[in-house]
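Structure, as structure tokens:
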Amino acid sequence: MRWLTGMTLIAAAPALAPVQSQLMTAMEASAAGWNAGDLDRFMAVYADDATYVTKDGVLRGKAAITAHYRASFADGGNLRGQLSFEPVAFRTLGPAQQLMIARWRLTGGAAGMTTLVWERRPAGWRIVADHSS
């Protein structure tokens, strides 16, 4: 692992800190929901008051984010392909907040980056802000 201005950059397969491991476990569960065509399971990592930045603007609230994704979930899968995540960097923002940068990939070649702000809530770690490209 290398350190750069307070961010933990992920090199080739390092051991993750406990909180980082929890976030990756949550991301893997979300991806499994995507891959199974289970929108509720995919969205379980989002807080009810989350914001999501898209190329078309900002969506406010889990319900709006869910509606944005609904069309690609059909027939026990996701029409856009199988989803996976690779962590790139983490940064602690506060005692109950983490920043995570990850690369997302879909089968078929689509890929991009996501910046997620996580907050520890009574129900566990939840995404409160998502900017994906």
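Select from region 106-131 the residues that are open to solvent by 30 Å² or more (accessible area, probe 1.4 Å) and among the polar types (S, T, N, Q) and write down the one among them that is farthest from Ala32 (Cα to Cα).
Of everything passing the filter in region 106-131, Thr115 is farthest from Ala32 (Cα to Cα).
Can you name the residue in region 75-89 that is polar (S, T, N, Q) and buried (at least 16 other Cβ atoms within 10 Å of the Cβ) and, of all such residues, is farthest from the chain's Cα centre (by Cα)? Don't jump to the end; show me each part of the working.
Kept after step one, since they are polar (S, T, N, Q), are these residues of region 75-89: 78, 82, 84.
Imposing the further condition that a residue be buried (at least 16 other Cβ atoms within 10 Å of the Cβ) reduces the set to 78, 84.
Details: Asn78: 16, Ser84: 10 Å.
Top of the filtered list is Asn78.
Across region 52-64, what is the number of residues that are in contact (Cβ under 8 Å) with a residue 12 or more places away in the chain and within 12 Å of Ser132 (Cβ to Cβ)?
4
This table checks each residue for (1) touching a helix residue (DSSP H, G or I) at 6+ places or on another chain (Cβ under 6 Å); (2) assigned to a strand (DSSP E or B); (3) within 18 Å of Gln20 (Cα to Cα); (4) of a type in the set (Val, Ile, Thr).
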site: Val58; (1), (2), (3), (4): no, yes, no, yes
site: Arg80; (1), (2), (3), (4): no, no, no, no
site: Phe85; (1), (2), (3), (4): yes, yes, yes, no
site: Gly108; (1), (2), (3), (4): no, no, no, no
site: Val117; (1), (2), (3), (4): no, yes, yes, yes
site: Arg126; (1), (2), (3), (4): no, yes, yes, no
site: His131; (1), (2), (3), (4): no, yes, no, no
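The values are calculated or read from the model by the stated rules, or taken from the named source; none is laboratory data. Because the structure is a prediction, the values reported are computed rather than measured. Please note: Cβ atoms are built from the backbone with ideal geometry, for glycine as well, and neighbour counts cover all protein chains shown. These accessible areas exclude ligands, DNA and RNA; they are computed on the full protein's heavy atoms, side chains included. Shrake-Rupley method; radii C 1.70, N 1.55, O 1.52, S 1.80 Å.
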